[in-house]
Amino acid sequence: MKIAFLGDALDLQYAGIHIYTREIIKAVAKQDTQNKYFVVRPVQNGFKIDGVEELFAPVNTKIPLHQKIRAFTSIPNLMKSNEIDIVIEPAHFGPFLLPSKTKRVTVIHDITPILFPNYHNSASHYVHKLFLPRITKNADLIITNSEHTKNDLVEHYPNAKGKTEVVYLGKENQFVPTEDASILKKYKINQTYLLFVGTLEPRKNLLVLVKAFDLLKKTITTPLQLVLAGKMGWKSEELQNAIEASEFKSDIIVTGYVEREELPVLYSMAKIFVYPSFYEGFGLPVLEAMACGTPVVSSDTSSLPEVGGNAALYFSPNDVNALVNHLGNLLKDEKLYLQRKQLATEQGKLFSWEKAGAETIGLLNGLV
């Protein structure tokens with residue numbers, strides 16, 4: 001079979017969907033010698049993926065919204081002219097306008113634009129509201145990253161029932177225990193520290209983390225910093241104000257964007273990784289932290305317990321006191337800390353891109 005991934009996320013995004021698209025294409029192409037793989041890209045100067053032929057659907061920046069328009073014009077034309085058997089959209093917006101014999105696969109990472117429109121701009125909410133019913137109806141296969149997302153999807157779009165399958169994400173091989181004091185020095189980390197990784201936006205619930213850090217600092221004598229590693233996202237003013245108002249603002253470090261190659265060091269050298277998010281389709285940073293052997297304290301919402309398993313300690317996202325208690329116990333109880341560190345390491349081993357790739361290949365082969 002000829003199987004094509006729509007690869008806009010490879011060149012136009014740099015967060016979770018970019019990582020998923022890159023790693024799942026690499027994994028299936030490496031393991032599957034029976035089918036031929038293609039990737040549709042908007043630019044011709046990107047990194048190459050071994051064993052994958054590139055097709056190009058350029059974006060004309062002079063035409064408003066042309067990136068999206070291509071999904072209905074040049075991209076389906078490319079699929080027809082190359083006689084592609086299966087088209088996979090890794091970013092849930094498509095695929096569109098394909099011949100009836102061409103199988104459509106859509107990967108839906110979450111439906112937060114529908115569930116929590118306040119976490120997204122109005123355009124994203126309305127586009128998802130308009131297109132998701134059609135996308136879920138027309139898809140021959142829908143892949144989600146977690147059982148929780150699958151359940152949300154089927155509840156809101158009953159036509160997804162019976163054709164939605166779960167494939168958990170993996171972690172890149174670089175996420176292993178790694179130390180490099182120069183990275184900490186770069187970010188002015190000079191004490192024991194708690195770590196959060198991700199975009200600093202309201203859905204990540206970082207106001208609770210800052211408040212918990214303030215309370216924790218008043219109850220312990222150990223020097224402690226809070227490191228928020230990631231770019232400031234939209235609606236971040238309230239968080240910035242909370243940090244500025246903190247009694248311990250000099251111990252709160254906002255790194256800005258962190259190069260992916262530096263993340264294993266930040267995870268590995270952190271005392272505890274904290275992920276207070278209100279909602280996640282998967283929660284890749286939790287897996288990455290565990291793979292680096294770092295104990296995790298996470299909110300108990302959405303898919304996060306599927307990722308953290310019995311290794312993480314959980315709290316209700318609005319329960320500041322529960323978060324403070326978990327952090328305090330880990331800092332004070334060495335036996336508990338080492339136990340959670342070992343559990344995190346073992347839990348991290350359960351997920352891999354090789355496994356995700358093999359499961360994806362099985363689902364694709366099942367379409368014919």
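Data for the structure
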{"quantity": "Spatially close lysines, pair count over the range 139-221: Cα under 30 Å, gap of eight or more or interchain", "calculated": "25"}
{"quantity": "Gyration tensor (alpha-carbon) shape descriptor, the range 196-261, a/c threshold 1.5", "calculated": "oblate"}
{"quantity": "Most mobile listed residue (Ala181, Ala29, Ala322) in the chain, GNM with C-alpha springs under 10 Å", "calculated": "Ala181"}
{"quantity": "Fluctuation leader among Gly46, Gly230, Gly170 - the chain, Gaussian network, Cα springs under 10 angstrom", "calculated": "Gly46"}
{"quantity": "Accessible-area composition of the chain, carbon plus sulfur, in percent [1.4 Å probe]", "calculated": "52 percent"}
{"quantity": "Cα gyration tensor category, rounded, prolate or oblate, for the range 303-368 with a/c compared to 1.5", "calculated": "oblate"}
{"quantity": "C-alpha center-to-center spacing [the range 260-338, the range 97-135] in angstrom", "calculated": "30 Å"}
{"quantity": "Calculated FRET value between Lys335 and Glu247, using beta carbons and R₀ = 35 Å, to 0.05", "calculated": "0.65"}
{"quantity": "For the range 35-139: relative contact order, % (alpha-carbon pairs under 8 angstrom, 6 or more apart)", "calculated": "17 percent"}
{"quantity": "Residue-normalised accessible area of the range 1-143, given per residue in Å² at a 1.4 Å probe", "calculated": "47 Å²"}
{"quantity": "Spin-label pair Asn190/Lys355, simplified geometry with 7 Å Cα→Cβ offset, distance in nm", "calculated": "4.2 nm"}
{"quantity": "Ranked by how many other beta carbons lie within 10 Å on average, peptides 351-357, 314-320 from highest", "calculated": "351-357, 314-320"}
{"quantity": "Assigned charges on the beta-carbon of Lys, Arg, Asp, Glu; the range 1-111 dipole about Cα centre (debye)", "calculated": "240 debye"}
{"quantity": "Most fluctuating residue given options Pro295, Pro158, Pro64, as computed from a GNM of the chain linking Cα atoms under 10 Å", "calculated": "Pro64"}
{"quantity": "By accessible area with a 1.4 Å probe, ligands and nucleic acids excluded, highest first: order of Asp140, Asp152", "calculated": "Asp140, Asp152"}
{"quantity": "Candidates per trypsin sites (Lys or Arg not before Pro) in the range 40-74, loop by DSSP, up to 16 other Cβ within 10 Å", "calculated": "Lys48, Lys62"}
{"quantity": "In degrees, nearest ten, helix 334-348 long axis to first principal axis of the chain (Cα)", "calculated": "10 degrees"}
{"quantity": "Net charge of neighbours whose Cβ lies under 9 Å from the Cβ of Glu262, counting Lys and Arg as +1 and Asp and Glu as -1", "calculated": "-1"}
{"quantity": "Computed helical MRE - 222 nm, the chain, DSSP H runs ≥ 4 contributing -39500 (n - 2.57), nearest 500", "calculated": "-12000 deg cm²/dmol"}
{"quantity": "Length gained when the stretch Ala123-Lys161 is fully extended (0.36 nm per residue, less Cα-Cα span)", "calculated": "11.0 nm"}
{"quantity": "Fully extended contour minus Cα-Cα distance, from Glu147 to Gln31, at 0.36 nm per residue", "calculated": "39.3 nm"}
{"quantity": "Angle between the chain longest axis and helix 16-31 axis [Cα atoms, degrees, rounded to 10]", "calculated": "60 degrees"}
{"quantity": "Relative contact order of the chain, defined on C-alpha pairs under 8 angstrom at six or more residues apart (%)", "calculated": "15 percent"}
{"quantity": "Accessible area, probe 1.4 Å, largest first, for residues Val52, Val127", "calculated": "Val127, Val52"}
{"quantity": "Calculated FRET efficiency for the pair Leu207/Lys48, C-beta based, R₀ 51 Å, to 0.05", "calculated": "0.75"}
{"quantity": "Space enclosed by the convex hull of the alpha-carbon atoms of the range 149-279, per residue, Å³", "calculated": "137 Å³"}
{"quantity": "Crossing angle, helix 122-138 versus the chain [Cα axis fit, 0-90 degrees, rounded to tens]", "calculated": "50 degrees"}
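The values are calculated or read from the model by the stated rules, or taken from the named source; none is laboratory data. None of the values given here were measured: they were computed from a predicted structure. Every residue, glycine as well, gets a Cβ built from its backbone with ideal geometry; the counts of neighbours run over all protein chains shown. Protein only, heavy atoms only, side chains kept; ligands, DNA and RNA dropped before computing areas. Shrake-Rupley method; radii C 1.70, N 1.55, O 1.52, S 1.80 Å.
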